[in-house]
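Enquirer: The structure that follows is given in the form of structure tokens.
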Amino acid sequence: MTRALLIGFLSLSTLLNARSQSPQSPTPPKSAIGQSFSGHDSLAPPPDSNPDATSCLSHLLWAPSDFPVITESTGNQPGDFLIRFPSPAPSGDAINDRVALEWYQARNPDGQPVKAPAVVIVHESGRGMAAARTIARGLRSRNLHSFVIHLPGYGARTSVSSTDIRRLLPAMQQAVADVRRARDAVATLPQVDASLIGLQGTSLGGFITATVAGLDHAFQRTFIFLAGGQIAEVLIHGTRDAAGIRNRLAAAGIDSPQIRSLSLAVEPMRLAHRINPATTWLFSGKFDEVVPPRCSLAFATAASLPPDHHRQLPVGHYSAALLLPIILQQIGDLMAPAPPPQKSP
């Protein structure tokens, strides 16, 4: 992430965080730390007549089971709590295989947590997760519980083996499973309205989000930022952040044909026809330097997104930060629960 983008997101984060916190908001109660809940995978992918989609699903799915969900202190991480649960696609690295969610609690004016819908947020490639954390604070200010998932090798899941650049593309396969299970982990929390849980991802997180949306329709709303389809094309031809990743992969001996092969397992285009276009929104940049606009358009077309669900913004990958407050307002409106039906007189 460039210095200009980081400064932009940090400035927006300061503003949004100030708006979302009451001066009287208390420190999260220590009694909430160590609470345990029982989660169960609701994974239920519909069958697919497309052989390629069926093959893709076979490498991404797992046998549903019960799993523990535990509340922990954030330690040196932002947020009110960390929510921990086991990865459904373990890598064999004990640190990496305990998924972490930073929970930004929706609260009333007295600082007490409230029952509200939730959004699982999938961060970008930057290790500071500045964009995701800014989005989480912004959505919390709109009365939504927000959860930033730490992808494999990031944050609380950082270990020597998990940060090896050669694991980047294989780790995306684990990330897809982790994000899907995160929905069921969040649903166990008493403060979360489990009838309305959304999913949002930016850049790297946007590609993972796009693939997760093709598994089943477990998330009631899906918001994809600065991403789309054709991961290999992005890594091979994109500039700036994409070029940086490409150079690191090349230094590790991973060339373009290998990028194409490794990224195929999580390619959003293979499952794009399975998403629900009525509940999916793609926000792309017309001048995106990292994700070529044709890659976003290809996904929107394959997913049959209505014109107003593919919002093509007059920005680049980094200048998109300037429109974030407007986008967050739109997400807040789209995540609002439907009003109860009016009774006939």
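Enquirer: Could you tell me which of the residues Leu305, Leu297 is in a loop (DSSP other than H, G, I, E, B), at pLDDT 95 or above and over 17 Å from Leu204 (Cβ atoms)? Steps first, answer last, please.
Expert: Numbers: Leu297 fails: in a loop (DSSP other than H, G, I, E, B).
Going through Leu305, Leu297 in turn, just one is in a loop (DSSP other than H, G, I, E, B), at pLDDT 95 or above and over 17 Å from Leu204 (Cβ atoms): Leu305.
Enquirer: Val266: out of contact with any strand residue (DSSP E or B) (no Cβ under 8 Å at 6 or more places or on another chain), among the β-branched types (Val, Ile, Thr) and closer than 22 Å to Val148 by Cα, yes or no?
Expert: Taking the combined requirement at face value, the residue satisfies it.
Residues are listed down the side, and each one gets a yes or a no for (1) touching a residue at least 60 places away in the same chain (Cβ under 8 Å); (2) under 19 Å from Leu199 (Cα atoms):
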position	(1), (2)
Pro277	no, yes
Lys286	no, no
Val315	no, no
Leu322	yes, no
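Enquirer: For region 250-267, does any single residue satisfy the condition of being modelled with pLDDT of 95 or more and exposed (fewer than 14 other Cβ atoms within 10 Å of the Cβ)?
Expert: Checking region 250-267: not a single residue is modelled with pLDDT of 95 or more and exposed (fewer than 14 other Cβ atoms within 10 Å of the Cβ).
Enquirer: Follow-up question, since we're still on this one. Given the criterion modelled with pLDDT under 95, within 24 Å of Gln191 (Cβ to Cβ) and assigned to a helix (DSSP H, G or I), identify the matching residue among Ser11, Ser25, Ser31.
Expert: Going through Ser11, Ser25, Ser31 in turn, just one is modelled with pLDDT under 95, within 24 Å of Gln191 (Cβ to Cβ) and assigned to a helix (DSSP H, G or I): Ser31.
Enquirer: Only one residue in Leu204, Leu226 is in contact with a His (Cβ under 9 Å, 6 or more places away or on another chain) and at positive phi. Which one?
Expert: Leu226
Enquirer: Follow-up. Suppose we keep only residues that are of a type in the set (A, V, I, L, M, F, W, C), over 17 Å from the mean Cα position of the chain (by Cα) and not in a loop (DSSP other than H, G, I, E, B) within region 74-131. Which one would you say is surrounded by the fewest Cβ atoms within 10 Å (Cβ to Cβ)?
Expert: Ala116
The values are calculated or read from the model by the stated rules, or taken from the named source; none is laboratory data. From a predicted model like this one, the values you see are computed outputs, not experimental measurements. As a convention, Cβ positions derive from the backbone with ideal geometry for all residues, glycine included, and neighbour counts pool all protein chains shown.
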